[in-house]
Amino acid sequence: MEASKGHIYSAFARWATASYLYAPWILLAALITAVICTTYISRNLGMNTDTTDMLSEHLPFRINIKHYNKTFPQEMDSLLVVLDAATPEQAYATAGLLSARLKDDPKNFQDVYAPNVDPFFVRNSLLYESIPELERISDHMANAQPLISHIARDPTLHTFASVLTGAVEELRKGRSMELGPLLDSLSATLNARLAGVPRILSWQTLFRGESQKTRYQEFIIVKPKQDFTQLYPAERSISALHAAATEIGLTNDSPVQMRVTGEVALADEEL
């Protein structure tokens, strides 16, 4: 035991003596070693927060999802923005404002697509309706033509009330007119207002001959720019999305509410 301790002490003594005698060279060697290690680490080590890369790419479901993403690349790494409103007009207008604002921010978003706001579907949406549904909408629009023409010339409450009064008078005289949906919608809106419940009359549902729902939705598909060297790759883009929503008036107490989901948002929550 004593002999082994003596050997250890003598080895440390020789090492200390050599370090003292050749200190500049040892420091230089340590500095060169540190530079080489730092260079290697900076070029070969990093952080990747893409959760899909944690599993082998040869797994069956990874192979299938790669094939799916290759076939439908527009749906990869996207955020789904859901807008809830009391009327379809509010949801549509908000989707148009928000999508336009996001398109003006190429720094944080690669692509923004709002299906119902897209000019192609705005022009051709009726072509996607069935023949019976298209005939029903056309009939309701034809019946509402007098009201539409008067409102288009003078879009005021006085004009609307005058036209409605005239229509009721004609109905009393025995003329066949379908005023039931209009009067029911007006009654529901006024009763809600009198009860202190906010409710807006939807002209779109009225002219289409549909009963007004309690909630309407619009969707916006957003492809954010992600930085996988950061812990939260889409944090900057998601923050920019919420900032844009606030700028157009989407707050916690606004008539239109926004929710964010989708692959990117869920991955961000996982991290």
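A residue that is assigned to a helix (DSSP H, G or I) and either buried (at least 20 other Cβ atoms within 10 Å of the Cβ) or not hydroxyl-bearing (S, T, Y) (or both) can be found somewhere in the range 214-235. The residues listed here are I26, I32; of these, the one that is out of contact with any strand residue (DSSP E or B) (no Cβ under 8 Å at 6 or more places or on another chain) and modelled with pLDDT under 85 is I26.
When the residues of the range 111-135 are narrowed to those that are polar (S, T, N, Q) and within 27 Å of L97 (Cβ to Cβ), which ends up modelled with the lowest pLDDT? Checked the range 111-135; the qualifying residue modelled with the lowest pLDDT is S125. How many residues, within the range 136-184, are at pLDDT below 75, more than 41 Å from the chain's Cα centre (by Cα) and of a type in the set (S, T, N, Q)? Within the range 136-184, residues that are at pLDDT below 75, more than 41 Å from the chain's Cα centre (by Cα) and of a type in the set (S, T, N, Q) number 1. Contact map, the range 247-271: first residue within 15 Å of R101 (Cβ to Cβ), second residue loosely packed, with under 11 Cβ neighbours inside 10 Å, Cβ cut-off under 9 Å, separation 6 or more or different chains; the map is empty. Being aliphatic (A, V, I, L, M) and either more than 30 Å from A142 (Cβ to Cβ) or not assigned by TED's automatic domain parsing to the domain that holds P115 (or both) is a description that does not apply to I200.
Selection of the range 220-241 for residues being of a type outside the set (K, R) and touching a strand residue (DSSP E or B) at 6+ places or on another chain (Cβ under 8 Å) yields I220, I221, V222, P224, A234, S237, I238, A240, L241. Tell me, please, whether a residue that is of a type in the set (A, V, I, L, M, F, W, C) and at pLDDT below 75 can be found in the range 207-228. Scanning the range 207-228 turns up at least one residue that is of a type in the set (A, V, I, L, M, F, W, C) and at pLDDT below 75.
When the residues of the range 58-87 are filtered to those that are in a loop (DSSP other than H, G, I, E, B) and modelled with pLDDT under 80, the one that is farthest from V260 (Cα to Cα) is F72. For the range 75-115, what are the residues that are of a type in the set (D, E, K, R) and more than 21 Å from K225 (Cβ to Cβ)? Those that are of a type in the set (D, E, K, R) and more than 21 Å from K225 (Cβ to Cβ): D84, E89.
The values are calculated or read from the model by the stated rules, or taken from the named source; none is laboratory data. Just so you know, these numbers come straight off a predicted model, no measurement behind them. With ideal geometry, Cβ positions are generated from the backbone for all residues, glycine too; neighbour counts draw on all protein chains shown.
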